[in-house]
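Colleague: Sharing a structure below in structure tokens format, with a few things to ask.
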Amino acid sequence: MKLETLTASQAAKLLENKEVSSVELTQACLDRIELRNGEVGAFAHIDPEFSLKQAALADSEPRRSSFQGVPFGVKDVIDTKDFLTERGTPIHAGRQPVADAKCVQLMREAGAVLLGKLVSTEYAMFTPNETRHPLDLTRTAGGSSSGTGAAVADNMVPLAFGNQTAGSLIRPAAYCGVYGLKPTHGTTDGAGILPLQLYFDTLGYMARSVEDLQSFYSIVSQDQQRQVWSEKKRPKIGLCRTFHWSSAEKDSQAMLLKTGEQFEQLGYEVTSFELPESYSNLVAVHRRILYKGISDSLAKDYESSAGKMSEGLLEVVREGQKCTEEAFMTAFRIADACRTEVNEMFGDLDAIICPSTPSEAPEGWGTGSPIFQVMWTLLGVPCLNLPVGFGPNQMPLGVQLIGRRYDDANLLALGDYLMRNFKSIQIESFSNAKS
């Protein structure tokens, strides 16, 4: 049994039954990091002595939660008092927080073992750092939660925090073939997390099973997120191409359609779903609000250290600075009106499925397009990446399961139910020309 390959829930059961120790599990993860991190570049900071001491403590104390003794990783824009938090930029090199972010504090209070800090893109934006895709080092792991996706996928750690302000959580989860949850906006405490645009900023979670996400999110939200979908209720799913269907390559289009077909074969009701026309411009609305927020949040760093910022980030800040208060408020009113009414959009559907990404993870260093995430981030709804199969290049492809605001527990239960008997889909080779 390779301990590092266990899901968090599988490991938790062995820990509870004292069939393995947290020290053994943590050491297995550290060994995997030592073996692979030089190539993959998922972890920015580790301290084996620190983590093993925490594991020994977890082994010696009465159990506080199901995840006591389970290692977890933290994206490097989330504060940790025992590790540097450098935010993916040389401007914050050596930055040492004095306290853990609230989400880290809650996991540590639950007895989980902090394994280290995971690579983020520059300021959790678009410019990549060293992370590569664990299945193909010539490809991106996505962004901005690049280290999070790569580490969970490559069995370096069973659980890890990311976050999303545009598409930073769902995209790397989909590229790397793991489960990723961007919950309803505002359901968890964001204290100690780099702010970009608070109206969008959302703490996120990655793991290798939905069961793991349910327990992980329960600890951090301080609310019970574990539900079981009733066998008596036939799921009703809306298949949504979104307004950006033409941005998807044929592999991603085929994956969504084949997922819908398999859901139907499993006995679930799948219907075509069209978004309201009022949503057609939400990507542009998101951009205006986001860029204005970034220009405000990074104003001090821009004034003091613009020379250490990437050209892409400088363009974002400068565009945000040009946004007038009137233009910002107009965009904000549109976003807020749509967010307020979004739950009505679902009608009698239990959830919506749409592409997670335009394609498999691209070659090169670019982190990919967030085009299939930004609208949902603006609307503040919960999104769950389902790793449903592989594309023509044998790289993971996912679909997003989208639910109503504040219906996260139900969405997770549905996701677990939908994937219980799901068979991984293989998309055959064809030209990647768009249709």
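Values quoted throughout were computed directly from the atomic coordinates according to the rules given, and no laboratory measurement underlies them. In this text, all values refer to a predicted model and were calculated from it rather than measured experimentally.
Colleague: A 23 angstrom limit on the alpha carbon distance is what I want to check against. Which of K18/K53; K75/K322; K81/K117 exceed it?
Modeller: K75/K322
Colleague: Would you kindly derive the ³J(HN,Hα) couplings of segment 218-234 from the backbone phi angles with the Karplus curve 6.51 cos²θ - 1.76 cosθ + 1.60 (θ = phi - 60°), listing them in order in whole Hz, with x for Gly and Pro?
Modeller: 4, 5, 7, 7, 6, 8, 6, 10, 9, 10, 10, 5, 5, 4, 7, 9, 7
Colleague: Amide H of Q426: which non-local residues (sequence gap of 5 or more, or other chain) have their own amide H closer than 5 Å, using H built in the peptide plane?
Modeller: F390
Colleague: List the residues, sorted by chain then number, that are 5 or more residues from A351 or on another chain and whose placed amide H is less than 5 Å from its amide H.
Modeller: Here K236, G238 satisfy the definition.
Colleague: Give me a comma-separated list of calculated 3J(HN,Hα) values for segment 97-106, in order, Karplus coefficients 6.51, -1.76, 1.60 applied at θ = phi - 60°, integers in Hz, x for any Gly or Pro.
Modeller: Karplus-based 3J(HN,Hα) across segment 97-106 equals x, 8, 8, 6, 4, 4, 5, 5, 4, 5 Hz.
Colleague: Compute the Cα gyration tensor for segment 53-134, then decide on rounded, prolate or oblate, letting a ≥ b ≥ c be the square roots of its eigenvalues: rounded whenever a/c is under 1.5, prolate when a/b is larger than b/c in the other cases, and oblate in all that remain.
Modeller: Note, shape of segment 53-134 comes out prolate.
Colleague: A further question follows. Tell me whether segment 1-142 comes out rounded, prolate or oblate; compute the Cα gyration tensor, take square roots of the eigenvalues as a ≥ b ≥ c, and use a/c under 1.5 as the rounded threshold.
Modeller: Taking the square roots of the gyration eigenvalues as a ≥ b ≥ c, segment 1-142 is oblate.
Colleague: Continuing with this model, one more query. Just to be sure I understand, if you calculate semi-axes √(5λ) of the Cα gyration tensor in Å for this structure, which of (1) 30, 27, 21; (2) 34, 25, 20; (3) 39, 23, 20 do you get?
Modeller: Computed from these coordinates, semi-axes √(5λ) of the Cα gyration tensor in Å corresponds to label (1).
Colleague: Using θ = phi - 60° and the Karplus form 6.51 cos²θ - 1.76 cosθ + 1.60, what ³J(HN,Hα) does each residue of segment 401-412 get, whole Hz, x for Gly and Pro?
Modeller: 9, 10, x, 6, 4, 6, 10, 4, 4, 5, 5, 5
Colleague: 5 Å is the cut-off here: which amide hydrogens, built 1.01 Å from N in the peptide plane, fall below it relative to V113, excluding neighbours closer than 5 in sequence?
Modeller: G69, V70, F72
Colleague: A further question on this structure: At a threshold of 8 angstrom on Cα-Cα distance, excluding pairs fewer than six apart, so keeping six or more, what relative contact order does segment 230-284 reach in percent?
Modeller: Worked out over segment 230-284, it gives 53 percent.
Colleague: Can you give the calculated 222 nm mean residue ellipticity of the chain, where each DSSP H run of n ≥ 4 adds -39,500 (n - 2.57) and the sum is split over every residue, rounded to the nearest 500 deg cm²/dmol?
Modeller: Theoretical 222 nm ellipticity from helices: -12000 deg cm²/dmol.
Colleague: Counting only DSSP beta bridges with both residues in the chain, what percent are antiparallel, rounded to the nearest 5?
Modeller: 60 percent
Colleague: Strictly over 29 Å apart at the Cα level, which of K182/K233; K102/K292; K102/K233; K232/K258; K102/K232; K2/K423 would you flag in this model?
Modeller: K102/K233; K102/K232
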